[in-house]
Structures are given as structure tokens and as C-alpha cells.
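The next block holds one structure in the form of C-alpha cells; read it before the comments.
All of the numbers you see were taken from the coordinates with simple rules; none came from a lab. Quick caveat: nothing in here was measured; it's all calculated off a predicted structure. All Cβ positions, glycine included, derive from the backbone under ideal geometry; neighbour counts span all protein chains shown.
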Amino acid sequence: MSNKPVVSGGVIHLELHKVESFRYEPVQQGIKTVTVKKENTGYWVAYRKSKAKLHRRYIGVVENVTVEKLEELAKDIDNEEKQLLSDIPKPARKEKYVTNSVTSYATSEEVNQVRDELTALRSEVKEVLVKLQAR
């Protein structure tokens, strides 16, 4: 038998005692691949690393390494990964602005704040000029 798993009738045909790990590609569309690995303890785990986080699920003894279990764990890991990614706030995008040959970076929020302050200063200058001309 080869070292690559063969799935038929919901059973994984692989001499698991001869391999330390393998990649499982879920049948369900849209679910990402997981790595299935035998730990030093002899128990099996399924995992995937994403954005420097290890998403890991315990399988147990070799008899628990079934297609149904791997499908369930792959979907569970996928859901956890999506939840974590949706919880991460996206950083404010910094845009490049060039003024007087000086390049600087600022968020849109910072640029809008500076524009508002500049508008307020222009209004103050106009008021002072009107008062000076009235004298």
C-alpha cells in the first residue's frame, strides 16, 4: 500500500502506523486543507496554521481517524479561523502625500483633521482681515 491515503466508502485506507502525518483535503467545497499528524504520545491531531496562529484539534487514537471526524474538524478549524480574522480590526490605511518635496504618510482620518483645522484657520484669517480693513 502507498503512503498516500485513499478514501472509499467513508474509510481512510492508509497504513497509519507507517506514516507520521498526511494532508487531508475536505470533500466539502470551501473548507481548507488540514494536516493530520501523530503526536509523540501516539495520539492524532488535525491542525492548520494561519496568520501565525496554530488552530489545532485533538483526534485521539488511530481508530478515530475517519473521514467524518476529519471533515468535522476541518470545518471547525475553518470556522475558528474565520471568526478570528473577522475580529481583527483592520489598520487604518496610510496614504502617501507629497508637499514641498517632502514625502509623508498619514491616515485619511489624520488628513481630514488637518484639512478641518486649515479651514478653521482660513476663516479666522479672513475675519481678522475684515476687521483690519474696517479700521
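Could you check the spin-label model distance between Y47 and L121? Points 7 Å from the Cα along Cα→Cβ, value in nm.
Here the answer is 5.5 nm between the modelled labels.
Calculate the FRET efficiency for V128 and D87 from the Cβ-Cβ distance with a Förster distance of 35 Å, rounded to the nearest 0.05.
Rounded to the nearest 0.05, the efficiency is 0.10.
Two decimals is fine: what is log10 I(q)/I(0) at q = 0.20 Å⁻¹ for region 6-87, from a Debye sum with one equal scatterer on every Cα and no solvent?
The Cα Debye sum returns log10 ratios of -0.88.
So if I take the centroid of the Cα atoms in region 119-135 and the same for region 55-83, what is the distance between those two points in Å?
Each part reduced to its Cα centre gives a spacing of 70 Å.
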